[in-house]
Every structure is written in structure tokens, then in C-alpha cells.
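Here's the structure we're looking at; comments come further down.
What follows is calculated from the coordinates using simple rules that are stated; it is not laboratory data. Worth saying up front: this structure is predicted, and the values here are computed from it rather than measured. So basically every Cβ, Gly included, is an ideal-geometry build from the backbone, and we count neighbours across all protein chains shown.
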Amino acid sequence: MTSFATAPRCVIRRFIAALLLAAAPLAGHAQPATVADAPPMPGFGVMVHYLPDKQNVNEIKRFDVEAFASALADMRASHLILTVGQNSGQYIGPNSALEVLCPGSAKNRPPRDLPLEIGQALRSRGIALILYLPFRAPQEDRALMSCLGDVNEQQPPPARFIAAWSSVIRDWSERYGALVSGWWFDGTYNTHGITPAGWDMLCSASRAGGGNRWLAFNAGEGAQRFALKSAPCQNLMAGEYMEPPEHLSKGQSELVLHVLTPLAASWGSPTPARWSASQLRTWISDTASARGLFTLDMPIDAAGRFVPAHVALVKSVTSRKP
């Protein structure tokens with residue numbers, strides 16, 4: 001069987017098309033009128049840093065899933081990268097494996113399963129869902145780090161942690177199944193000592209319940225790292241690029257082109273947009289020509305509302321073919 005890494009371009013195109021189709025509306029379910037004549041723009045997507053911590057996790061009750069999904073549809077996003085959690089030890093969805101491994105963490109679970117709700121709302125609009133998770137245990141939660149057997153993310157990950165974290169990833173992968181088109185793992189800074197068996201556990205867990213998925217492992221930002229292949233099963237560039245070049249090129253990488261950059265000054269910042277409509281059109285066009293993805297990080301508030309000026313800018317860019 002031909003592997004993804006060595007597949008010809010035509011196979012890679014079919015792979016991307018299949019992932020987009022996997023997120024398409026189910027037959028018999030009508031799309032909302034707001035997107036009936038404005039289908040998602042292939043390759044253009046949005047990332048949000050929605051990260052309630054243990055002190056304000058109940059704010060998750062305020063999140064308006066339908067309004068959030070409708071805004072993404074209005075911007076013609078073809079995919080969303082959604083943070084399941086980061087370093088506080090708080091996650092926006094339940095995880096049975098984590099609660100078995102670390103029973104004390106159960107008290108921090110939210111009052112609803114937000115990734116499930118968002119995934120269902122996106123599916124009805126033909127928008128793919130990619131889940132975000134750090135490659136390592138939550139670095140600010142010492143109890144969880146100890147329970148999972150992890151150490152500082154700059155150090156090699158212990159084998160015990162790889163096994164535990166794989167079970168956590170598998171639980172979410174199977175829970176959300178076909179609603180999830182990919183994973184974006186952050187902080188893949190040190191992979192020394194991970195055995196082939198360890199990678200098999202991690203990669204298998206990432207694919208569980210969903211077959212082919214986009215898998216990105218982020219080793220860091222910038223020209224030297226955004227396109228690195230940091231895991232054997234990686235098929236998508238992590239893409240983190242604070243200052244992308246004016247024109248993007250896939251180059252010689254075997255990975256699918258992906259560029260991820262914040263629309264504002266930093267990740268999740270509600271400050272004015274730093275990119276013009278012309279720049280955004282060029283980048284979206286370049287990535288589309290390379291059969292890749294271009295993702296804008298855009299801030300939202302606790303209710304899942306975007307900054308109106310940001311939405312207006314993006315809609316002006318995606319309202320016509322770039």
C-alpha cells in the first residue's frame with residue numbers, strides 16, 4: 001500500500017477531498033439559508049483559542065454554539081481548529097480515560113460537551129473540525145503532570161506518559177469519531193526517546209474512530225519550523241507563522257501546505273486586524289493553488305462571539321473567489 005508520505009500529488013488531492021467530504025452535511029439535512037448560496041471556501045479556516053480555566057469553567061454554559069457556527073459559515077470557513085484545552089488542566093469536553101487515570105481531575109470537567117455540540121453544528125454546515133491539544137501534559141497543573149507521568153515539555157517524554165496520553169487522545173478520538181477531521185498537536189519540542197511503539201500508540205490514538213485525518217505536530221513558529229515533520233504519521237504542516245512571506249510556496253515538503261497566523265497582534269487577541277484584505281486574498285489564493293490550508297486565528301468572547309470588525313474583514317475577503 002502506498003503511504004501518504006510517498007503518495008503522488010493526485011492521491012494527496014483525493015485525500016484532502018475525502019476529508020472535506022467527511023465533514024459535509026448528512027443527506028436529508030438542509031443547510032441553513034445563510035450558507036445555501038455561499039459554500040465553504042476550500043482551504044480557508046479559522047482557529048479559536050477558547051480556554052476557560054478551572055475558576056471560570058461554568059462560563060462554558062454561555063457559549064452559543066449555533067451563533068458561533070453560523071458566524072463561521074458566514075465567513076465561508078471550510079475548517080475550524082478548536083482548543084480542547086492547553087496548560088491549565090481544564091478541558092472543554094469530558095474524557096473517561098483521563099478520569100480513570102487521574103480521578104481527582106473529574107471535578108474540573110465542564111457542565112457540557114462543547115466539542116461534541118460544535119462538531120455537530122459544523123457538520124450540518126459542511127465545515128470540518130480539527131481539535132487542538134498540547135503534545136504534553138498540562139504544564140501548569142502539577143498534579144495532572146505527576147499523575148500522567150510527564151516532565152517539563154523541553155525534556156524527553158517518559159514512556160509512561162506516552163502510554164497515558166495516548167489513552168487520553170484515543171478517548172476523545174473515539175468519542176467524537178467522524179465529527180473530527182484532524183488533530184493539531186502543539187509544543188512538539190522534544191521527541192527524543194519516543195520508541196516506534198510509542199509513536200504507534202500516539203498515531204493510532206489520533207486516528208481512532210475517524211480513519212484518515214489531518215495530523216499536525218507543531219515544533220514551533222517561523223520559517224525554519226512551521227513545515228517540519230515532527231511525527232511519523234504527520235501529514236499536514238503545523239503552519240505556525242507570525243509573519244508569513246507575501247507569497248506562499250509549498251516547496252519540496254511531503255506534507256500538505258498549511259499556514260496558521262493570528263489575524264490580530266497575537267493569539268486570541270481582540271486588537272485590530274494586522275493583515276489587509278489584499279494580503280489575505282493573496283495567501284488564500286496561494287494555498288488553494290498548492291492544495292493546502294490557510295488558517296486565521298481569531299478571538300472570541302466567552303459566549304463564542306467574534307469581533308464584528310474581524311468578521312466584516314474576513315467576509316469581504318471570502319465573499320468572492322480570491
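Observations, loosely collected:
- The shape of segment 4-318 can be summarised by an equivalent ellipsoid whose semi-axes, obtained from the alpha carbon gyration tensor, come to 28, 23, 19 Å from longest to shortest.
- Segment Glu221-Arg112, extension gain: residue separation times 0.36 nm, minus the distance between their alpha carbons: 36.0 nm
- Basic side chains Lys and Arg get +1 at the Cβ, acidic Asp and Glu get -1 at the Cβ, and with that the dipole of segment 192-322 about its Cα centre reaches some 440 debye.
- Neighbour-count ranking [beta-carbon atoms within 10 angstrom, fewest first] of His49, His247, His310, His79: His247, His49, His310, His79
- Label-point separation, Ala159 to Ser319 (7 Å along Cα→Cβ), nm: 6.0 nm
- Here the Kirkwood formula, the inverse mean of 1/r across different C-alpha pairs, assigns segment 100-161 a hydrodynamic radius of 14.1 Å.
- For segment 4-318, the share of DSSP beta bridges that are antiparallel, to the nearest 5, is 5%.
- About the Cα centre, charge dipole magnitude for segment 4-318 (Lys/Arg +1, Asp/Glu -1 at Cβ), debye: 560 debye
- A DSSP coil position with no more than 16 other Cβ atoms inside 10 Å describes the following trypsin sites (Lys or Arg not before Pro) in segment 71-172: Arg112.
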